[in-house]
Amino acid sequence: MSPKRLDDYEKVVGREVIEELHLVAGYLRGTKMLHVNSTRLGGGVAEILNQMVPLLEDLGIDCKWLVIKGSNNFFQVTKQLHNALQGKPVEITSGMEQVYQEHTVLNADSLDLEGDFVIIHDPQPAGLITHRPKETSNWVWRCHIDLSSPHPEAWEFLQKYVVKYDASIFSMPAFSQELPHGQYLIEPSIDPLSDKNRDLDPAFISGVLEQYGIDPEKPIITQVSRFDYMKDPLGVIQAFRQVKKRENCQLVLAGGSATDDPEGSEVLEKVKAQADHDPDIHVLELPPDSDLEINALQRASTIILQKSLKEGFGLTVTEAMWKGKPVLGGAVGGIRRQIIHGFTGFLVRSIEGTAFRIRQLLHDPGLRKRMGENGRAHVQANYLITRHLKDYLLLMLAVQRPQEDIVNFFFSP
Ligand code: UDP
């Protein structure tokens, strides 16, 4: 595959946006940037880093991406922590703390953590700050999860690490916390030219439907998500069953696993049991390299759901809007920021509400089309990778030069 080139994005965002990125990046050429997260496959963070790292390199940033390793036990602990940080009452024990610290030491010993900017994504690798190799580099904690109401014990656990960073990044103002450093708001984004989002040949889309036994003539309602309780796949099936009583339609629940999420197989079993061999419910377990298939499923859908109960951002919402689809999403976290209720889709708060909105959209093709167009424009204006790249470049400048006014900075000789 040929390397990603920022200039290729001109056809989507225009020349000015590309030139501006080159201009800003010019002040950072050669800067060593390191991203660290907990999985290369599965979930939104890996999705973003896969697209962003090569483009930062194309902009002249010396950008690397490392992934921490962990035993199943470690990822059980971090998943519990993740759930508790998103509000689930989970007891944080000293045993959990010990597992977390032991893995932090192992990872710190095996990873080269040098960089002018070290961006640590999410709670799993957050403890690495205690092994920061050199005081002159800038360490930034990038939080992708919904921290609006963390379980106090879980936040207490994480906070002692987060306070040591030089800055934090959150996806929504509601997720910010009392911290002794600058906090930045950066919303995630999608890559319009990636296999997940680029235009597809209709014949390929038909082929994917055939491959999975999905009827192209019957309305398709789809949720693409890891099998995770917080994505509420069981609630989606209940809502679908209510709709099915009167409408002829089918449900696609497409998901894979993430190497840092050990709960996936348990949730998948529950989903299969609840689907109970209903021929109109397609539960698809997709391998990690299914970007084109997911793209095709989203494009073939009549309505896209993301009925999450907690959500940091919800890239699947962005992906669906980009494909001109009306989206029904749980009124939580980043979904609330993305879906403009009644304009690009609907925010839903219950199973009954979800069923009601699905029926409304199934009966109104004009509304579906308008919402789809509005959604696409919303993504074009706010959620493309070029905006995200600019935010990161500006963040680096802002952190590097705390005393300077960034606006004046660009106009100074
Ligand atoms: N995704 C995928 N395969 C799957 C399920 C999800 O590639 O089987 C992708 C999905 O298209 C999106 C990302 O993983 O790009 C999920 O990001 P999101 O922010 O929606 O949720 P997260 O998994 O990070 O909680």
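The values are calculated or read from the model by the stated rules, or taken from the named source; none is laboratory data. If you're wondering where the values come from, they're calculated on a predicted model, not measured in any experiment. Note: ideal-geometry Cβ built from the backbone for every residue, glycine included; neighbour counts use all protein chains shown. Note: areas computed on protein heavy atoms with side chains; ligands, DNA, RNA excluded. Shrake-Rupley method; radii C 1.70, N 1.55, O 1.52, S 1.80 Å.
Observations, loosely collected:
- Paramagnetic reach from residue 218 (point 7 Å along Cα→Cβ, amide N under 18 Å) across the range 291-331: 297-298, 300-305
- Pairs beyond 24 Å (Cα-Cα), from 160/307; 69/323; 79/270; 196/390: 160/307; 69/323
- The residues of the chain have, on average, 42 Å² of accessible surface per residue, using a 1.4 Å probe with all protein chains present.
- Per-residue ³J(HN,Hα) for the range 194-209, Karplus 6.51 cos²θ - 1.76 cosθ + 1.60, θ = phi - 60°, Hz, x for Gly and Pro: 6, 4, 5, 10, 6, 4, 10, 5, x, 5, 5, 4, 4, x, 5, 4
- Potential lengthening of the chain between residue 114 and residue 369 amounts to 86.9 nm, from the contour at 0.36 nm per residue minus the alpha-carbon distance.
- Chymotrypsin sites (Phe, Trp or Tyr not before Pro) restricted to DSSP loop in the range 202-236 with at most 16 other C-beta within 10 Å: 212
- The chain: angle of helix 44-58 to the longest principal axis, Cα-based, in degrees nearest 10: 50 degrees
- Peptide ranges 12-24, 345-357 listed from the most packed, as the mean C-beta count within 10 angstrom indicates: 345-357, 12-24
- Relative contact order of the chain, defined on C-alpha pairs under 8 angstrom at six or more residues apart (%): 16 percent
- Candidates 198, 376, 299, ranked by Gaussian network fluctuation over the chain, Cα under 10 Å, top entry: 198
- For peptides 181-188, 77-84, 55-62, sequence by mean Cβ density within 10 Å, most packed first: 77-84, 55-62, 181-188
- Per residue of the chain, the DSSP helices (runs of n ≥ 4 H) give a summed -39500 (n - 2.57) that works out to -13500 deg cm²/dmol at 222 nm.
- Put a dot 7 Å past the Cα of residue 359, heading toward its Cβ, do the same for residue 101, and the two dots end up 5.7 nm apart.
- Loop sites in the range 77-134: GluC sites (Glu not before Pro), DSSP, at most 16 other Cβ within 10 Å: 91, 114
- Peptides ranked, highest mean first, by Cβ atoms within 10 Å: ranges 383-396, 328-341: 328-341, 383-396
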